[in-house]
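**Student:** Here you go, one structure.
The values are calculated or read from the model by the stated rules, or taken from the named source; none is laboratory data. Predicted, not measured: the structure shown is a model, and the values here were computed from it. Here the Cβ positions follow ideal geometry from the backbone for every residue, glycine too, while neighbour counts run over all protein chains shown.
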């Protein structure tokens, strides 16, 4: 380092990084040669500056509006590999005015006045949803009512289970038949296996506890040890391996019943009939649910999967209709809502239903491979449609009315003759004035162009593209509607083969029409760029670029729609009834329950975030460890298929190379993890609730009044994820008390214990409980009410009917009800004490992982798409990884939103948690991610190195490009770690906006001093043609046995395709630059949101 006129310069002996060669001149040397680049707004009218000018103007406006003052860097430059020059600005804290609102707004919906005023709407909603799902409600109602009828018939009830007969309807409640047949069968097998293991373990415990005199006199201690050993494993497995939930539930219920129901002091006093009574009633309830599920309105994987596919294609149709809806064409919020709904169906709902289908035993008509191809072809459409500009001026109300009138007037002609509209047939009176060559427009910078000039360009594009683009979108809507009709036919159990063939024939016809519309759009574009109306000034205008992108993405989605159409036609190939087994890996299968089972356990989507996070981590790991380059690099004559450009060890889950050590760490983590802590909590509660049954002083009253229902109710209702405020405890308690009162009233009415009255009361409480559980997904409260009713009603009824009277019924009711209340309260309060699951804590970690994933996505886009090597276009593997990453990250963001929703339902005792701040942060992350998708789609079709004036400019700009991207990645990394460690955000962070602005300033400077001559353009064109013909030659020499005509046709198609992509590269370059600039702009909002949550460091 040496001092030169007060400026420090670094001259290392061996220059690294971008300046390893002498031709890689330093930036301050360029300043000396050409002067400072920020004297004034640069001239942006040269053709090669179109991709720079739009983003540069945006950055200039941002820095001017926010009054950012760049801090002095003393002309120090970082020239080493692995480092970058960060640009800093003077910090300015911006506090949102909404901070004082907090999360109290969510409580406004709980006001009783609102509920009373909305009663008619609530009743109407309940009625409509009940009519829609009446089959599921009927199955639930029949199963429970049949179980109750069997129990109230005294001979049948005595044979099934004597006074423990109520385990039959309770088993029906826990294994209700409103599920797919495959899921019901799997649940039945699991529960029966758990029951068998529980009975075997309990039999051994009973035998050991009375084998000798000393053990028989202390049977309570033996049963205590046996219960702890059994439930320790059962609770942990149930919490960690979700798929084994029903096995562990049946095992735990069996253990709790047999270890608390009877205490004896001699082997001769053992009542083995208890095993028979419990097992028979419990198994009969499981089998009754299976029979009703299989024979009354049976459901399999067909209906739900096909219905989801139909909803997905209709969401695409709905979005396309909003793009050409003349009534709401200017309603951007309405169009954006339809776009979000489409994205949610394509990337979230369809994926979840498809995974649920792969995760269960189903009876399905179609091949799984055909279904997967249709699903994949649908999700591919999401990329162009989710980034298509929705605020563009290709259409307006007047133009749409004219075009729709033409469609109505010539509808029959189009159907019969197949004639197409000529693009130039738009009435000439629509565009006022006469056309003049574009070269006659004043050659001014973008910010000086008048509105009339802008409208002039817009009208040109409307005249040339509006009609064909509208026809393309309308044809896509028609095709999607025909696909929906075909899917509806597939969903029917009994459909005519002629109907299917007719629908397929219509699809073949519309496929040809759609191809014709795509050809018309391509022809109109080719004619436009070959005419004298095309000018580089057009792609310097934001609105013109939006129109071009709208046309391009509409065409791309139409091309993808052809693939969807083909897969829909071929879906029923080799159609026959087949049993589909789970297709997911063993690890995923064990950790994932079917969706309906999750809802029944009161989990909802609480486990969705953990699954999506693992999926995102997995796709990043695969991409980092896969070779995606088109080039092959050799070292010592050996081909090295290794990962290039990104070091995947930066993001590995572990850094140790010792596999044994890593596995030992994983095992110790399991022993001290959340599941083990939850197991300890549950065991402590169960032991204290069961303690009286093992003591000689208290076991008699404990067994007489069936107080063992307290630990049993706690075991049935508890779970380690849900946690609610006091309102949820009150809700569950109220449901339980209603069930207890209803059970007492059923026994008390009509001469004490009438079976007819009990069945009527059972039907009356079953209907609202089934609606609450199956429609509104409040399973725990519904189960609480029905179990309490069943126990109170059948406990008294199972006694001698001749001794029943008010005092006996009331005594049994209040004593057992008290035990049930204790179990209900403890099942919720346990989530409020130490070692509890907190959605707020998980949300903070989730945001940390999300920021890390966004950083990795940005790095992947920059490395594989923007700054890729020459002639190293993204491979199919790269595109596949990118698409999977985008879909999974979309699901991850949606799962984090649901996690945020759960935080609003948790009790807040000390923390000043503000859900609104997190909501703004997630929205900012969503916006950044959408801009990354736009950049990835645009970056596929152009190479950044071809945009530079010459190789000297490329060398000199390398460090600036490094600084621009590294500042974003580094900021993401810092924010992610601050959330992980709960540290404040540093006051000074690298400014991505000023780094990118600096890059564009120097790009403008190079283009001003080194203009691109016409001869250089011709040379580049010649080089392009040479590359194309060279590629043609390779294709022709690839196989000498191919006929000349077919080879010439295929070569001509490839030339046309390459020419087409070459013509669009300028527009894609502008779109990419704009997207990356939008990312930098969004980073400022993201940083402010993070500071609002974590705070800012003080100095």
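**Student:** Would you point out the residue of region 270-304, among those that are part of a helix (DSSP H, G or I) and in contact with a strand residue (DSSP E or B) (Cβ under 8 Å, 6 or more places away or on another chain), that is surrounded by the most Cβ atoms within 10 Å (Cβ to Cβ)?
**Tutor:** Top of the filtered list is 301.
**Student:** Among helices (runs of 4 or more DSSP H) lying entirely in region 169-266, which contain 3 or more residues that are touching a residue at least 40 places away in the same chain (Cβ under 8 Å) and in contact with a helix residue (DSSP H, G or I) (Cβ under 9 Å, 6 or more places away or on another chain)?
**Tutor:** In region 169-266, the matching helices (runs of 4 or more DSSP H) lie at 181-209, 219-240, 245-260.
**Student:** Among the helices (runs of 4 or more DSSP H) contained in region 552-634, which hold 3 or more residues that are in contact with a strand residue (DSSP E or B) (Cβ under 6 Å, 6 or more places away or on another chain) and in the same structural domain as residue 484 (by TED's automatic domain parsing)?
**Tutor:** none
**Student:** Could we say that residue 965 is farther than 30 Å from residue 875 by Cβ, buried (at least 19 other Cβ atoms within 10 Å of the Cβ) and at pLDDT 80 or above here?
**Tutor:** no
**Student:** Name the pairs whose Cβ atoms lie under 8 Å apart, with the first residue in region 391-407 and assigned by TED's automatic domain parsing to the domain that holds residue 475, the second assigned to a loop (DSSP other than H, G, I, E, B) and modelled with pLDDT of 85 or more, and 6 or more positions between them or separate chains?
**Tutor:** Taking only residues 6 or more apart or on different chains, the pairs are 395/324; 400/324.
**Student:** With respect to residue 677, is the statement that it is at pLDDT below 85 and either over 33 Å from the mean Cα position of the chain (by Cα) or surrounded by fewer than 22 Cβ atoms within 10 Å (Cβ to Cβ) (or both) true?
**Tutor:** Criteria not met by residue 677.
**Student:** Separate question: Test each condition in (1) over 42 Å from the mean Cα position of the chain (by Cα); (2) surrounded by fewer than 20 Cβ atoms within 10 Å (Cβ to Cβ) for residue 196 and report the one that comes out false.
**Tutor:** (1)
**Student:** Another question, then. Of the residues 497, 513, which single one is surrounded by fewer than 21 Cβ atoms within 10 Å (Cβ to Cβ) and modelled with pLDDT of 90 or more?
**Tutor:** None of the others qualify; the one that does is 513.
**Student:** Do we have residue 308 as in contact (Cβ under 8 Å) with a residue 12 or more places away in the chain, part of a helix (DSSP H, G or I) and more than 33 Å from the chain's Cα centre (by Cα) here?
**Tutor:** So residue 308 fails the test.
**Student:** Taking region 178-193 only, how many residues are surrounded by 24 or more Cβ atoms within 10 Å (Cβ to Cβ) and modelled with pLDDT of 95 or more?
**Tutor:** So the answer is 1.
**Student:** Could we say that residue 789 is surrounded by 19 or more Cβ atoms within 10 Å (Cβ to Cβ), closer than 23 Å to residue 138 by Cβ and free of Cβ contacts under 8 Å to residues at least 40 places away in the same chain here?
**Tutor:** So residue 789 does not fit the description; no.
**Student:** Right, another one. Answer yes or no as to whether residue 370 is surrounded by fewer than 18 Cβ atoms within 10 Å (Cβ to Cβ) and at pLDDT 85 or above.
**Tutor:** It is true that residue 370 is surrounded by fewer than 18 Cβ atoms within 10 Å (Cβ to Cβ) and at pLDDT 85 or above.
**Student:** Would you mind telling me which numbered condition in (1) in a helix (DSSP H, G or I); (2) within 26 Å of residue 246 (Cβ to Cβ) residue 526 fails?
**Tutor:** Among (1) in a helix (DSSP H, G or I); (2) within 26 Å of residue 246 (Cβ to Cβ), the lone unmet condition for residue 526 is (2).
**Student:** Sticking with this structure for a sec: If a residue has to be within 46 Å of the chain's Cα centre (by Cα) and either at pLDDT 50 or above or not assigned by TED's automatic domain parsing to the domain that holds residue 957 (or both) to count, how many in region 986-1027 make the cut?
**Tutor:** 22
**Student:** Next question, about the same structure. So, residue 327, is that one over 29 Å from the mean Cα position of the chain (by Cα), over 25 Å from residue 368 (Cβ atoms) and assigned by TED's automatic domain parsing to the domain that holds residue 489 or not?
**Tutor:** Yes.
**Student:** Within region 838-854, identify whether any single residue is part of a loop (DSSP other than H, G, I, E, B) and more than 30 Å from residue 624 (Cα to Cα), and answer yes or no.
**Tutor:** Yes - at least one qualifying residue is present in region 838-854.
**Student:** Ok, one more. Condition test on residue 935, is it part of a helix (DSSP H, G or I) and either within 23 Å of the chain's Cα centre (by Cα) or within 30 Å of residue 834 (Cβ to Cβ) (or both)?
**Tutor:** Considered against the rule, which asks whether it is part of a helix (DSSP H, G or I) and either within 23 Å of the chain's Cα centre (by Cα) or within 30 Å of residue 834 (Cβ to Cβ) (or both), residue 935 comes out as yes.
**Student:** Okay, moving on. Within the group 902, 897, 982, which residue is surrounded by 20 or more Cβ atoms within 10 Å (Cβ to Cβ) and either touching a helix residue (DSSP H, G or I) at 6+ places or on another chain (Cβ under 9 Å) or touching a residue at least 24 places away in the same chain (Cβ under 8 Å) (or both)?
**Tutor:** 902
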